[in-house]
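Written out below as structure tokens is the structure these notes cover.
The values are calculated or read from the model by the stated rules, or taken from the named source; none is laboratory data. In this text the structure is predicted, and so the values were computed from the model without any measurement. A quick note on method: Cβ atoms are made from the backbone with ideal geometry, for glycine too, and the neighbour counts reach across all protein chains shown.
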Amino acid sequence: MQSLTKQCLSIIKTRPQESHKGTFGRTVLVGGNAQFGGAIMMSTEACVNAGSGLTTVVTDSKNHQALHARMPEAMTVDWQDKEVCDAVLASADVILMGPGLGEDEKSRELLTYVLQEQTEDQLLVIDGSAITLVAQNNEQLPYPKQTIFTPHQMEWQRLSGIKIADQTEEMNQAIQQKLEATIVLKSHRTEIYSNTGCFYNPLGNPGMATGGTGDTLAGIIAGFLAQFPHSVDTINAAVYLHSYIADQIAHDNYVVLPTKISQALPYWMKKFEI
Ligand SMILES: NC(=O)C1=CN([C@@H]2O[C@H](COP(=O)(O)OP(=O)(O)OC[C@H]3O[C@@H](n4cnc5c(N)ncnc54)[C@H](OP(=O)(O)O)[C@@H]3O)[C@@H](O)[C@H]2O)[C@@H](O)CC1
Ligand SMILES: Nc1ncnc2c1ncn2[C@@H]1O[C@H](COP(=O)(O)OP(=O)(O)O)[C@@H](O)[C@H]1O
Ligand SMILES: [Mg+2]
């Protein structure tokens with residue numbers, strides 16, 4: 001397994017002068033039920049700050065006002081409004097599904113719907129509740145090689161069937177090869193399993209053990225994939241930068257607020273751009 005270094009951030013390129021918002025990708029985020037609105041808001045804040053050109057959030061209408069107040073850069077769609085959802089999903093370069101989605105019947109329906117709508121040129125990031133639902137329903141992925149799962153260890157146990165104590169590199173790799181999707185296995189030291197190699201993130205700190213840090217990572221991954229190459233290098237960079245920023249914040253903060261990571265993204269991306 002290859003340890004990531006600062007070198008992995010070299011995918012962050014200076015933006016071309018001749019560009020517009022469409023140049024940096026359209027991301028659609030699906031999640032946030034009445035209970036977990038904060039999760040999709042944190043993913044959105046991360047995604048926009050990571051540089052997604054256009055970001056639309058498909059969520060329970062209860063979350064729209066708070067989301068707009070926090071992040072007016074993002075557009076919102078009521079997840080009951082199928083016609084608008086159809087159009088918005090069709091326009092996406094990257095879809096992030098799952099932060100705060102919940103596990104009830106409506107959540108299940110939405111997951112099935114998004115899997116049906118995904119096209120062969122769209123990437124799908126599956127996080128949080130959506131991972132649990134894929135496992136429970138044994139959902140088949142339409143495009144496994146264009147799918148990225150971002151489980152924590154318990155979500156990976158549900159998806160892979162490997163108990164947390166048995167989640168060794170060999171076992172994880174074997175299931176990844178069967179799934180063919182990329183796996184970002186989160187823990188205090190996150191590992192990335194992909195069709196082209198396995199990587200280890202040496203950064204991160206216990207200040208990150210706060211609800212929403214994973215929702216934030218999922219948003220960064222989606223935002224990076226919207227504008228940078230569709231490859232594991234881009235996912236590695238997102239994982240590394242998320243922890244790198246958290247480590248900077250932890251120098252003088254006992255707790256690393258997920259939203260602070262998001263707010264620091266434009267600054268650090270500017271520092272690392274080449
Ligand atoms: N503000 C909001 O709206 C927020 C909304 N959120 C949304 O909530 C939804 C449910 O997500 P979830 O992760 O909270 O619940 P679940 O999938 O049941 O996992 C927890 C179980 O797994 C276990 N566990 C073992 N190893 C672990 C590890 N390394 N990392 C983490 N857990 C580990 C853990 O063990 P324990 O804590 O008991 O020791 C516990 O038994 C999801 O959609 C998410 O987006 C959250 O993001 C929070 C902020
Ligand atoms: N002790 C720790 N050291 C380093 N990173 C941590 C630690 N605890 C949590 N993290 C990071 O925080 C994130 C937690 O993700 P997740 O459990 O999905 O959170 P949530 O769903 O609440 O947003 C992961 O990126 C994980 O690597
Ligand atoms: Mg999570």
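Okay, residues lined up against (1) at pLDDT 95 or above; (2) away from ligand 3 (no atom under 16 Å from the Cβ); (3) out of contact with any Ser or Thr (no Cβ under 7 Å at 6 or more places or on another chain):
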| site | (1), (2), (3) |
| --- | --- |
| ILE11 | yes, yes, no |
| GLU18 | yes, yes, yes |
| THR23 | yes, yes, yes |
| ILE40 | yes, no, no |
| THR44 | yes, no, no |
| ALA50 | yes, yes, yes |
| GLY53 | yes, yes, no |
- Kindly indicate whether any position in segment 130-142 is surrounded by 22 or more Cβ atoms within 10 Å (Cβ to Cβ) and away from ligand 3 (no atom under 16 Å from the Cβ). no
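Conditions tested, residue by residue: (1) in contact (Cβ under 8 Å) with a residue 12 or more places away in the chain; (2) more than 24 Å from LEU29 (Cβ to Cβ).
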| site | (1), (2) |
| --- | --- |
| TYR143 | yes, no |
| GLN146 | yes, no |
| PRO151 | yes, no |
| GLN157 | no, yes |
| GLY161 | yes, yes |
| THR168 | no, yes |
| GLN176 | yes, yes |
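Let's see how each residue does on (1) assigned to a helix (DSSP H, G or I); (2) over 28 Å from GLY211 (Cα atoms):
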{"site": "THR119", "(1), (2)": "no, yes"}
{"site": "ALA130", "(1), (2)": "yes, no"}
{"site": "LEU133", "(1), (2)": "yes, no"}
{"site": "GLU139", "(1), (2)": "no, no"}
{"site": "PRO142", "(1), (2)": "no, yes"}
{"site": "LYS145", "(1), (2)": "yes, yes"}
{"site": "MET154", "(1), (2)": "yes, no"}
- Just one of TYR143, TYR113 is hydroxyl-bearing (Ser, Thr, Tyr), away from ligand 2 (no atom under 16 Å from the Cβ) and within 22 Å of THR59 (Cα to Cα); which is it? TYR113
- Take the residues of segment 196-208 that are part of a helix (DSSP H, G or I) and within 14 Å of ligand 1 (Cβ to nearest atom): which is farthest from the chain's Cα centre (by Cα)? PRO206
- Task: Assess whether PHE36 counts as being within 16 Å of ligand 2 (Cβ to nearest atom), among the aromatic types (Phe, Trp, Tyr) and either under 25 Å from PHE149 (Cα atoms) or modelled with pLDDT of 95 or more (or both).
- Result: yes
- Task: Scan segment 93-117 for residues that are in a loop (DSSP other than H, G, I, E, B) and within 16 Å of ligand 3 (Cβ to nearest atom) and jot them down.
- Result: GLY98, PRO99, GLY100, LEU101, GLY102, GLU103
- Verdict on ASP93 being surrounded by fewer than 21 Cβ atoms within 10 Å (Cβ to Cβ) and touching a residue at least 40 places away in the same chain (Cβ under 8 Å): no
- Task: Considering every residue within segment 42-53, establish whether at least one is part of a helix (DSSP H, G or I), surrounded by fewer than 21 Cβ atoms within 10 Å (Cβ to Cβ) and either within 14 Å of ligand 2 (Cβ to nearest atom) or free of Cβ contacts under 8 Å to residues at least 12 places away in the same chain (or both).
- Result: no
- Query: Is it the case that some residue within segment 117-137 is within 16 Å of ligand 2 (Cβ to nearest atom), among the hydroxyl-bearing types (Ser, Thr, Tyr) and under 19 Å from ASP233 (Cα atoms)?
  - Reply: no
- From the set of residues in segment 209-236 that are surrounded by 24 or more Cβ atoms within 10 Å (Cβ to Cβ) and among the aliphatic types (A, V, I, L, M), which is farthest from the chain's Cα centre (by Cα)? ALA226
- Run down LEU123, LEU101, LEU133, LEU54 and say which single residue is touching a His at 6+ places or on another chain (Cβ under 7 Å) and of a type outside the set (D, E, K, R). LEU123
